[in-house]
Amino acid sequence: MVKICCIGAGYVGGPTMAVIALKCPSIEVAVVDISISRITAWNSDVLPIYEPGLDDVVKQCRGKNLFFSTDVEKHVFEADIVFVSVNTPTKTQGLGAGKAADLTYWESAARMIADVSKSDKIVVEKSTVPVKTAEAIEKILMHNSKGIKFQILSNPEFLAEGTAIKDLFNPDRVLIGGRETPEGLKAVQALKSVYAHWVPEQRILTTNLWSAELSKLAANAFLAQRISSVNAMSALCEATGANIQQVAYAVGTDSRIGPKFLNASVGFGGSCFQKDILNLVYICECNGLPEVAEYWKQVIKINDYQKSRFVNRVVASMFNTVSNKKIAILGFAFKKDTGDTRETPAIDVCQGLLGDKANLSIYDPQVTEDQIQRDLSMNKFDWDHPIHLQPTSPTTVKKVSVVWDAYEATKDAHGICILTEWDEFKTLDFQKIYENMQKPAFVFDGRNIVDAEKLREIGFIVYSIGKPLDAWLKDMPAVA
Ligand code: UDX
Ligand code: ADP
């Protein structure tokens, strides 16, 4: 029986390994992590991450050919193939601070693999930020190998949260990069044969090591760039009276452009986009390509601009002050169908409003109060360290309350900010909400999910990203 071990039981490692176990009954899969609380949760009825369909997959395989354990060394020792899916935070100090990936966790995982291995192994890089990581790991393993042969592969993950199981069952492509030596090609074939259990052969692409890594950065940069492009257009639409949804539809029906990833929003979030682009920028700078670096930097700048534009719009329309006013925040996750808050635009928007002394009442169907309080007290880039997975008592931000119902959040509020596109927000009883709010009552829709006309009929003043402005908003221009 082939044995796979995955180091890192996070958003990538957990779902990916669960699907491999489901689709390959002849393979034994162990997912290991240093976080005791995470592993305990994976072994319980309440999994540590919310992902549609995941519970079902885990239930089918757990205890049969899928195991979650904190005994990292034992499972690495036994494995034929070791996936490494540990954190890759952005460096906050020293060389490349604010941009470059911090490979501390990767390096310690690689040294541990070298230490405990007594047989040849394929080591697969499956982190969210590949930055020549595979080559670095290869060097560590080769210099500490004690005669054991390691083959390094890069197998970037393209799944999106909220649709992870669907994406894993039916991927657009699986990408495997390896060394172009006979041993390297053999390792690529071995990993290919795992995916071939359910992925059609023509969708499994093979490349050299660095091409696979760079493809992942490029794919995320291209996707993020589309969102920044449509968000940049949304600002122009508001200034000139056009409707971004009509413009995006017209643009997206060009088959060369395509309709996906053209939804204007309060900004993109998630653990990958910003981090990957920052790394791309850093790699360009290190390779003497400042113009290329500057080009990609703009994608992040527009994203930051979009978030601060939103905050300015809220404050400006409420007579230039939200001091001591209750503002309801509907949605905190970085997108719907996930409880993940990493780099969510809600953090920046909430901090912006708190900076103007607002009182926030936050409701998200999947994010806990602890998580929200922790996110709002955390320094930029600190979210990607395993220490934050351990239970600690977060510093409470006094002007923030977290409630478990949209009606409670909006009661007596002056304004509502919709920051995540949860389906349940589309069917709220806005008449009831209006009656319980202060007047004038505002809705700032950062995801374009409400029927603005209907809300205006009820009496709300409505701001929708990239849509023609209400007379009220035109009279209260936001200065960027
Ligand atoms: C992304 C990539 O899609 C995935 O391939 C990669 O493996 C990891 O990074 P993820 O971060 O899970 O996945 O979510 P994604 O669906 O890409 O959304 C990212 C952000 O962009 C979210 O905040 C989302 O709300 C926002 N977004 C997306 C928009 O604002 N507009 C859109 O049209 C699409
Ligand atoms: P991703 O989104 O890439 O899956 P996560 O932060 O969700 O990232 O998961 C990474 C996991 O890796 C965390 O659960 C963390 O505890 C784990 N981890 C980090 N370093 C190590 C290590 N040396 N050994 C085992 N697990 C590790």
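The values are calculated or read from the model by the stated rules, or taken from the named source; none is laboratory data. The structure presented is a predicted model; accordingly, all values stated were derived computationally and were not measured. Here the Cβ is made from the backbone with ideal geometry for all residues, glycine too, and neighbour counts use every protein chain on show.
Could we say that Gly13 is within 27 Å of Gln274 (Cα to Cα), under 20 Å from the mean Cα position of the chain (by Cα) and either within 16 Å of ligand 1 (Cβ to nearest atom) or among the aromatic types (Phe, Trp, Tyr) (or both) here?
So Gly13 passes the test.
Count, please, the residues in segment 322-331 that happen to be in a loop (DSSP other than H, G, I, E, B) and away from ligand 1 (no atom under 16 Å from the Cβ).
So the answer is 4.
If you check Glu135 against the conditions, is it of a type in the set (Asp, Glu) and surrounded by fewer than 19 Cβ atoms within 10 Å (Cβ to Cβ)?
So Glu135 passes the test.
Counting only residues that are surrounded by fewer than 16 Cβ atoms within 10 Å (Cβ to Cβ) and in a helix (DSSP H, G or I), which one in segment 264-291 is nearest to ligand 1 (Cβ to nearest atom)?
Cys286
All but one of (1) without any contact (Cβ under 8 Å) to a residue 60 or more places away in the chain; (2) within 16 Å of ligand 1 (Cβ to nearest atom) hold for Thr181; state the number of the condition that does not hold.
(2)
Looking at Val199, Val188, can you tell me which residue is crowded, with 18+ Cβ neighbours inside 10 Å, assigned to a helix (DSSP H, G or I), away from ligand 2 (no atom under 16 Å from the Cβ) and touching a residue at least 12 places away in the same chain (Cβ under 8 Å)?
Of Val199, Val188, the one residue that is crowded, with 18+ Cβ neighbours inside 10 Å, assigned to a helix (DSSP H, G or I), away from ligand 2 (no atom under 16 Å from the Cβ) and touching a residue at least 12 places away in the same chain (Cβ under 8 Å) is Val188.
Look through Ala235, Ala218, Ala239 and report the one residue that is out of contact with any helix residue (DSSP H, G or I) (no Cβ under 9 Å at 6 or more places or on another chain) and among the hydrophobic types (A, V, I, L, M, F, W, C).
Result of the check over Ala235, Ala218, Ala239: Ala239.
Condition test on Leu469, is it touching an Asp or Glu at 6+ places or on another chain (Cβ under 9 Å), outside the structural domain of Thr341 (by the TED database) and either modelled with pLDDT under 95 or surrounded by 15 or more Cβ atoms within 10 Å (Cβ to Cβ) (or both)?
The answer is yes for Leu469.
Just wondering, is there one or more residues in segment 223-234 that are among the hydrophobic types (A, V, I, L, M, F, W, C) and farther than 15 Å from Gln306 by Cβ?
yes
Could you identify the single residue in Phe334, Phe310, Phe319, Phe261 that is part of a loop (DSSP other than H, G, I, E, B), assigned by the TED database to the domain that holds Gln371, closer than 27 Å to Leu473 by Cα and away from ligand 2 (no atom under 16 Å from the Cβ)?
Phe319
So which residues in segment 141-165 are farther than 30 Å from Asp340 by Cβ and crowded, with 17+ Cβ neighbours inside 10 Å?
Within segment 141-165, Leu141, Phe150, Gln151 meet the criteria.
Yes or no, residue by residue, for (1) among the acidic types (Asp, Glu); (2) over 18 Å from Cys350 (Cα atoms); (3) in a strand (DSSP E or B):
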| site | (1), (2), (3) |
| --- | --- |
| Lys398 | no, no, no |
| Ala409 | no, no, no |
| Cys417 | no, no, yes |
| Glu421 | yes, no, no |
| Lys426 | no, yes, no |
| Ile433 | no, yes, no |
| Asn448 | no, yes, no |
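Can you tell me which residue is surrounded by the most Cβ atoms within 10 Å (Cβ to Cβ) among those in segment 87-108 that are assigned to a helix (DSSP H, G or I) and touching a helix residue (DSSP H, G or I) at 6+ places or on another chain (Cβ under 8 Å)?
Restricting to residues being assigned to a helix (DSSP H, G or I) and touching a helix residue (DSSP H, G or I) at 6+ places or on another chain (Cβ under 8 Å), the top hit is Trp106.
Kindly list the number of the only condition in (1) assigned by the TED database to the domain that holds Met378; (2) in contact (Cβ under 8 Å) with a residue 60 or more places away in the chain; (3) surrounded by 13 or more Cβ atoms within 10 Å (Cβ to Cβ) that fails for Ala478.
Evaluating Ala478 over (1) assigned by the TED database to the domain that holds Met378; (2) in contact (Cβ under 8 Å) with a residue 60 or more places away in the chain; (3) surrounded by 13 or more Cβ atoms within 10 Å (Cβ to Cβ) leaves (1) as the failure.
Would you check if Leu168 is within 16 Å of ligand 2 (Cβ to nearest atom), among the hydrophobic types (A, V, I, L, M, F, W, C) and within 23 Å of Thr338 (Cα to Cα)?
yes
What tally of residues in segment 109-122 results from selecting those that are closer than 18 Å to Gly13 by Cβ and either under 26 Å from the mean Cα position of the chain (by Cα) or not in a helix (DSSP H, G or I) (or both)?
Residues that pass the stated criteria total 4.
In segment 360-384, what residues are within 15 Å of ligand 2 (Cβ to nearest atom) and surrounded by fewer than 18 Cβ atoms within 10 Å (Cβ to Cβ)?
Answer for segment 360-384, where residues must be within 15 Å of ligand 2 (Cβ to nearest atom) and surrounded by fewer than 18 Cβ atoms within 10 Å (Cβ to Cβ): Met378, Asp382.
For segment 123-170, which positions are touching a strand residue (DSSP E or B) at 6+ places or on another chain (Cβ under 9 Å), within 16 Å of Tyr195 (Cβ to Cβ) and either part of a helix (DSSP H, G or I) or among the basic types (Lys, Arg) (or both)?
Lys126
What residue, of Val462, Val443, Val450, is touching an Asp or Glu at 6+ places or on another chain (Cβ under 9 Å), of a type in the set (Val, Ile, Thr) and either crowded, with 21+ Cβ neighbours inside 10 Å or under 27 Å from Ser308 (Cβ atoms) (or both)?
So the residue among Val462, Val443, Val450 that is touching an Asp or Glu at 6+ places or on another chain (Cβ under 9 Å), of a type in the set (Val, Ile, Thr) and either crowded, with 21+ Cβ neighbours inside 10 Å or under 27 Å from Ser308 (Cβ atoms) (or both) is Val462.
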